[in-house]
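Chemist: Sharing a structure here in structure tokens format.
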Amino acid sequence: MKAPPDKVANYFFRSLMHNQCHICWSLFSKRSQDEFLKWTLNDIYERHPEAARQAKIGPAEVKLLFENNDVSLMKTFWKRFFFSSGANEFFRFGYYATVDNTGSQSTVRVLCKFPDGRSTQTDLMLLNERGNWKLGYVEASLPF
């Protein structure tokens, strides 16, 4: 997505809230995709070891599941990601602003202003990969 870092971060969480997880997948950095792919592959083998072995499920198959918005990942990966990332708060109460941009890396601050007067802020890392901003979720050591 050719857009400023803050718009990409906002688009990521809006897409997640609308179950357009294949869009979210495409907005992750390469390193984040690789780490989440490994986690998901391990999860599949832990949940269904015999079926996974017989089907010879590997990284390429898991990548296709992410790219095709597979419903099984909604119940495992994306549900966990949704709750651990704070996606609901980012979507409903978040204001996004780019606070630092070196051209190859950017920090987007998400300020969540809640109806009860509380507020929180979270810094997201975005990386410029192949000319597009990508969410460096793993690189920023955010919760999962």
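Chemist: What number goes with the only condition from (1) part of a helix (DSSP H, G or I); (2) touching a residue at least 60 places away in the same chain (Cβ under 8 Å); (3) out of contact with any Cys (no Cβ under 7 Å at 6 or more places or on another chain) that Gln33 does not pass?
Modeler: (2)
Residues are listed down the side, and each one gets a yes or a no for (1) touching a strand residue (DSSP E or B) at 6+ places or on another chain (Cβ under 9 Å); (2) buried (at least 16 other Cβ atoms within 10 Å of the Cβ); (3) in contact (Cβ under 8 Å) with a residue 12 or more places away in the chain:
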| residue | (1), (2), (3) |
| --- | --- |
| Asp116 | no, no, no |
| Thr120 | yes, no, yes |
| Leu127 | yes, yes, yes |
| Arg130 | no, no, no |
| Lys134 | yes, yes, yes |
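Chemist: Follow-up question, since we're still on this one. Which condition does Tyr45 not pass, out of (1) in contact with a His (Cβ under 8 Å, 6 or more places away or on another chain); (2) farther than 25 Å from Phe13 by Cα, if it passes all the others?
Modeler: In the conditions (1) in contact with a His (Cβ under 8 Å, 6 or more places away or on another chain); (2) farther than 25 Å from Phe13 by Cα, Tyr45 misses (1) alone.
Chemist: Kindly list, by first and then second residue, each pair from a residue in the stretch 1-18 that is free of Cβ contacts under 8 Å to residues at least 40 places away in the same chain to a residue that is surrounded by fewer than 18 Cβ atoms within 10 Å (Cβ to Cβ), limited to pairs with Cβ atoms under 9 Å and residues at least 6 apart or on different chains.
Modeler: Tyr11/Met1; Tyr11/Ala3; Tyr11/Ile23; Ser15/His22; Ser15/Ile23
Quick grid of which residues meet (1) out of contact with any helix residue (DSSP H, G or I) (no Cβ under 6 Å at 6 or more places or on another chain); (2) modelled with pLDDT of 95 or more; (3) closer than 22 Å to Met125 by Cα:
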| position | (1), (2), (3) |
| --- | --- |
| Arg31 | yes, yes, yes |
| Glu35 | yes, yes, yes |
| Trp39 | yes, yes, yes |
| Tyr45 | no, yes, no |
| His48 | yes, no, no |
| Ala51 | yes, no, no |
| Ala60 | yes, yes, no |
| Leu64 | yes, yes, no |
| Val71 | yes, no, no |
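Chemist: With respect to Phe12, determine if the residue is buried (at least 17 other Cβ atoms within 10 Å of the Cβ) and in contact with a strand residue (DSSP E or B) (Cβ under 6 Å, 6 or more places away or on another chain).
Modeler: The answer is yes for Phe12.
Chemist: Can you name the residue in the stretch 73-114 that is of a type in the set (S, T, N, Q) and within 30 Å of Ile44 (Cα to Cα) and is also surrounded by the most Cβ atoms within 10 Å (Cβ to Cβ) among such residues?
Modeler: Filtering first and then ranking leaves Ser85.
Chemist: Return a yes/no flag: does the stretch 137-144 have any residue that is more than 19 Å from Asp6 (Cα to Cα) and modelled with pLDDT under 95.
Modeler: For the stretch 137-144, residues more than 19 Å from Asp6 (Cα to Cα) and modelled with pLDDT under 95: present.
The values are calculated or read from the model by the stated rules, or taken from the named source; none is laboratory data. Remember, it's a predicted structure, so these values are computed and weren't measured experimentally. Positions of Cβ are backbone-derived with ideal geometry, glycine not excepted, and every protein chain shown enters the neighbour counts.
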